[in-house]
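K.L.:
Structure below; questions to follow.
Read the figures in this text as sums done on the coordinates, not as results from a lab. Remember, it's a predicted structure, so these values are computed and weren't measured experimentally. No Cβ is skipped: glycine too gets one built from the backbone with ideal geometry, and neighbour counts run over all protein chains shown.
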Amino acid sequence: MKPVRKAVFPVAGLGTRLLPATKTMPKEMLTIVDRPLIQYAVDEAREAGIEQIIFVTGRGKSSLVDYFDLGFELEVAMQSAGKSLDKLDCSRADYGEIVSVRQQRPLGLGHAVWCARHIVGDEPFAVLLPDDLMIGQPGALKQMVDAYADLGGNIVCAEEVPANRTRNYGIITPGEIKGRATEVLGLVEKPAPEDAPSRLGVVGRYILQPEVMDIIGRAEPGAGGEIQLTDAMAELIGLQPFHALTVQAVRHDCGDKAGFVLANLAIALDRPDLAPLIEDYLARR
Ligand code: G1P
């Protein structure tokens, strides 16, 4: 079985749910405490053994790719001014190979993933949606890569979603349950609550086999008129092993204003330098 070495980050979206902040700023560059949202997902991928980071970007998203370069001019300027580089430590890690490819038209998540097909080639790959900030030890993708060693095939990260929220997720028809893994018998994108086969929703982490790319290549638009990753994945069911994994992690939907604020709070409350001030403020409120 080939290892999962590559990860696709679809980051071309307009971030309309976070307007006006995202008018001139990629949502992935908005900060959660002191680092951009995208860094959490990239760090999670690196922890899971990912060697190649593939950004599927679009217009106005270049700062996101630049962020992962060493800030050479900045470092030289800071050093010659006698300033410490400590604050940059978390962004000076070895990020492996960074590749970016453009999604030139907003045709949906499936299409975004397909834009990376030539870079992914003939090997299994991960997809991370940075909006879904996952806080776990080890990280969500590492837990999935570990499960992949036993299960192979395709694995989506999943969690129970409220019954009235099925329209926001890909929803799973569950089969046999083996520990944290559930066999996937069907997938449907954003069903109405009355049509949903369960409340088990796909959240933004995937391990997929390369065959999904050919399926996306001949896909017709699905829910919302977009080329859906969910529809292409559904075609793999029965042909390849397909599981949903419930990971031990807390998810924050940072594409949403409340989720974004909660993610900031959650991360800050885990930081000894920040937690006392914030706890004190919350107690007073
Ligand atoms: C996408 C997927 C959906 C998945 C969700 C997880 O939807 O299409 O299947 O459940 O991410 O966050 P989006 O949030 O881009 O509308």
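K.L.:
Could you grab the relative contact order for the stretch 36-145? Cα pairs under 8 Å, six or more apart, rounded to a whole percent.
P.N.:
Value for the stretch 36-145: 47 percent.
K.L.:
Sticking with this structure for a sec: Excluding residues fewer than 8 places away in the same chain, name every one of the lysines whose C-alpha is closer than 16 Å to that of K27.
P.N.:
Within the straight-line limit of under 16 Å, K27 reaches these lysines: K61, K257.
K.L.:
Calculate how steeply helix 257-269 sits against the longest principal axis of the alpha-carbon atoms of the chain, using the helix alpha-carbon long axis, and give the answer as 0 to 90 degrees to the nearest 10.
P.N.:
60
K.L.:
Step through the residues of the stretch 230-245 one at a time and calculate ³J(HN,Hα) from phi using the Karplus curve (6.51 cos²θ - 1.76 cosθ + 1.60, θ = phi - 60°), rounding each to whole Hz and writing x for Gly and Pro.
P.N.:
Along the stretch 230-245, the couplings run 4, 5, 5, 4, 4, 6, 7, 4, x, 8, 9, x, 9, 10, 10, 10 Hz.
K.L.:
Let me ask something additional. In whole percent, what relative contact order does the chain give with Cα contacts below 8 Å and a gap of six or more residues?
P.N.:
In percent, rounded to a whole number, it is 22.
K.L.:
Springs between alpha-carbon atoms under 10 Å, Gaussian network over the chain: tell me which of R59, R251, R271 tops the mean-square fluctuations.
P.N.:
For the chain, modelled as a Gaussian network with Cα springs under 10 Å, the answer is R271.
K.L.:
Next up: For E51 and A21, FRET efficiency with R0 = 30 Å and r from the beta-carbon atoms, rounded to 0.05?
P.N.:
0.40
K.L.:
In whole angstrom, note down how far apart the Cα centers of the stretch 34-79 and the stretch 149-226 are.
P.N.:
Rounded to whole Å, the Cα centres lie 28 Å apart.
K.L.:
Search the structure for amide H atoms under 5 Å from the amide H of N154, placed 1.01 Å from N in the peptide plane, and list their residues when 5 or more places away or on another chain.
P.N.:
Close amide H contacts, sequence-distant or interchain: F242, H243.
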